[in-house]
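Student: Sending over a structure as structure tokens; questions will come in a sec.
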Amino acid sequence: MRKKKKLITTLVIIIIAGIFYLFENYPIKESEKNINQRVEEAPVTAENRLEVTFLDVGQADSILIENEGQYMLVDAGNNEDGPKLATYFKEEKITDFKYVIGTHPHEDHIGGLDDIINNFNIENFYMPDVVTTTKTFEDVLDALENKNVALTIPSKNDTFKLGDTNIKVLYVGKDDETDLNDTSIVLKVTYQNVSFLLTGDASTKVEENLDRKDLESTVLKVGHHGSSTATNEEFLNLVNPTYAVISVGKNNQYEHPHNTVLNTLASHNITTYRTDEDQTIEMITDGTNIEINTKRTDTNG
């Protein structure tokens, strides 16, 4: 009987050791790896790096992205922000944009695009398949025509490169949406192990229809200026960001960002930056670490 107990004990030890060996040595499939690891905030000195700047344009959006000397602009604030953005970009020695994207045809996103089109060389211009009758929208179309720049309507899952940075279209709304916010182009910008999820003004309705496999990101540009119509608990769990950025105007009439969103971000221990408090927010990454600077820019008209 004593020998039998000893044999059973030995078998149990062998089985447990085998389980530990499998866990340590069984290769994880590439698709199962978490490529969006939570990064450390530290100075970035590497020559090859991605810079994402959330420009202070008040109650509006404008995001400048640069890698390998190539530039991309996502939205251009309100009408009065356009001339200031054009001046700022010229002071930054920018002459060409490889990509310019108007996420959706609301004035606080495309208002300054005609100034950008008129003042810079643009290789690719993207907007959703949505038509409005506003003067702001017509000014953008007129500028495109005058500069002979083609308007391209992207499709979900389209991918393109900015230097060594990968950009993927996660969503594009269509003209049948009752809310223009839900026509927003949603983008994921990835540089090695660091990624940025740019959501325009997309609501929870859109968030629920995004492919879950694409959502996890290091930085979340909070949808619709921190409105309670977006960024719910389930979405944040899926994105699992280390940082969040809210582009919003000081003392705005909409009371953005809403407390429900701020409380949800806080409950997830997400470090949150706001243009109404921090002004322009610059994030620089070498693909592993991220450096965050806040500064005053004359870009808010």
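None of the figures in this text is laboratory data; all of them are computed from the coordinates on show. Quantities reported herein were computed from a predicted structural model and do not represent experimental measurements. Virtual Cβ from ideal backbone geometry, glycine too; neighbours counted across all protein chains shown.
Student: Gain in length, Thr45 to Glu277, computed as 0.36 nm per residue apart minus the alpha-carbon separation, to one decimal in nm?
Tutor: Stretched out fully, the Thr45 to Glu277 stretch lengthens by 80.8 nm.
Student: For the range 40-113, state which trypsin sites (Lys or Arg not before Pro) are in a DSSP loop and have at most 16 other beta carbons lying within 10 Å of their beta carbon.
Tutor: Loop-located and lightly packed - Lys93.
Student: Any idea what log10 I(q)/I(0) is at q = 0.07, 0.15, 0.17 Å⁻¹ for the range 34-295, Debye with uniform C-alpha scatterers and no solvent?
Tutor: -0.21, -1.06, -1.43
Student: Moving on. Select from the range 245-297 those trypsin sites (Lys or Arg not before Pro) which occupy a DSSP coil region and have at most 16 other Cβ atoms within 10 Å, ordered by residue number.
Tutor: Answer by residue number: Lys250, Arg296.
Student: State, as an integer percentage, the relative contact order of the range 34-295 based on alpha-carbon contacts under 8 Å between residues 6 or more apart. Walk me through the numbers before you get to the answer.
Tutor: Values: 647 pairs, mean separation 56.0, N = 262.
It comes to 21 percent, rounded to a whole number.
Student: Determine the percent antiparallel among the DSSP beta bridges restricted to the range 34-295, to the nearest 5. Present the calculation step by step, with values, prior to reporting the outcome.
Tutor: Details: 35 of 57 bridges.
Looking only at bridges with both residues in the range 34-295, the antiparallel portion is about 60 percent.
Student: Continuing with this model, one more query. Counting other C-beta atoms within 10 Å, which of Asp115, Asp129, Asp211, Asp75 has the fewest, and how do the rest follow?
Tutor: On the way: Asp115 22, Asp129 14, Asp211 11, Asp75 31.
Lowest to highest Cβ neighbour count: Asp211, Asp129, Asp115, Asp75.
Student: Further question: Helix 81-91 sits at what angle to the longest principal axis of the chain, using alpha carbons and giving 0 to 90 degrees rounded to 10?
Tutor: Long axis of 81-91 versus the principal axis of the chain: about 80 degrees.
Student: With labels modelled as points extended 7 Å from the Cα through the Cβ direction, what inter-label distance (nm, one decimal) is found for Glu138 paired with His268?
Tutor: 4.1 nm
Student: Continuing with the same structure: Using modelled amide H (1.01 Å from N, peptide plane; none on Pro or chain starts), what sits under 5 Å from the amide H of Thr272, excluding residues fewer than 5 places away?
Tutor: Amide H neighbours of Thr272: Ala244.
Student: With a cap of 16 neighbouring Cβ atoms within 10 Å, and only residues DSSP puts in a loop, list the GluC sites (Glu not before Pro) found in the range 87-146.
Tutor: Working: sites: Glu91, Glu92, Glu107, Glu123, Glu138, Glu145; in loops: Glu92.
Answer in residue order: Glu92.
Student: Non-local amide H neighbours of Ile101 (under 5 Å, H modeled in plane, Pro and chain starts lacking H): which ones?
Tutor: Leu73, Val74, Asp75, Tyr126
Student: Between Thr132, Thr53, Thr231, where does the largest GNM mean-square fluctuation fall for the chain, given springs only between Cα atoms within less than 10 Å?
Tutor: Per the Cα network of the chain with a 10 Å cutoff, Thr132 tops the list.
Student: Okay, next question. Taking Cα atoms, how many degrees apart are the long axis of helix 2-25 and the longest axis of the chain, rounded to 10 and kept between 0 and 90?
Tutor: 20 degrees
Student: Would you kindly derive the ³J(HN,Hα) couplings of the range 268-279 from the backbone phi angles with the Karplus curve 6.51 cos²θ - 1.76 cosθ + 1.60 (θ = phi - 60°), listing them in order in whole Hz, with x for Gly and Pro?
Tutor: Those phi angles translate into 9, 6, 8, 6, 10, 10, 9, 5, 6, 10, 9, 6 Hz.
Student: Run the numbers on the range 78-172 and let me know its relative contact order in percent, using alpha-carbon pairs under 8 Å that are six or more apart.
Tutor: 25 percent
Student: Please report the antiparallel percentage of DSSP beta bridges with both residues in the range 203-292, rounded to the nearest 5.
Tutor: For the range 203-292, the DSSP antiparallel bridge percentage is about 30.
Student: Report, in listed order, any pair from Lys161/Lys205; Lys90/Lys147; Lys93/Lys213 with a Cα-Cα distance greater than 30 Å.
Tutor: Working: Lys161/Lys205 28 Å; Lys90/Lys147 18 Å; Lys93/Lys213 38 Å.
Where the Cα-Cα span goes over 30 Å, the pairs concerned are Lys93/Lys213.
Student: Let me ask something additional. At R0 = 35 Å, how high is the FRET efficiency between Lys250 and Asn148 if r is their beta carbon distance? Nearest 0.05 is fine.
Tutor: Efficiency computed from Cβ-Cβ geometry: 0.35.
Student: Moving to a separate point now. What FRET efficiency comes out for the pair Arg212/Arg296, r = Cβ-Cβ distance, R0 = 51 Å, nearest 0.05?
Tutor: Working: r = 38 Å, r/R0 = 0.75.
Rounded to the nearest 0.05, the efficiency is 0.85.
Student: Further, regarding this structure: Take the alpha carbon atoms of the range 94-150, find their center, do the same for the range 155-174, and report the distance between the two centers in whole angstrom.
Tutor: 18 Å
Student: Another question, if that's okay. Only bridges with both residues in the range 150-301 count here: give the DSSP antiparallel percent, nearest 5. Could the numbers behind the result be given before it?
Tutor: Numbers: 20 of 30 bridges.
Counting only bridges with both partners in the range 150-301, antiparallel ones make up about 65 percent.
Student: Given only helices, namely DSSP H runs of n ≥ 4 each adding -39500 (n - 2.57), what is the per-residue ellipticity at 222 nm of the chain, to the nearest 500 deg cm²/dmol?
Tutor: Values: 9 runs with 82 residues, N = 301.
Mean residue ellipticity at 222 nm (helix-derived): -7500 deg cm²/dmol.
Student: Can you give me the Cα centroid spacing of the range 37-91 and the range 233-256 in angstrom?
Tutor: 18 Å
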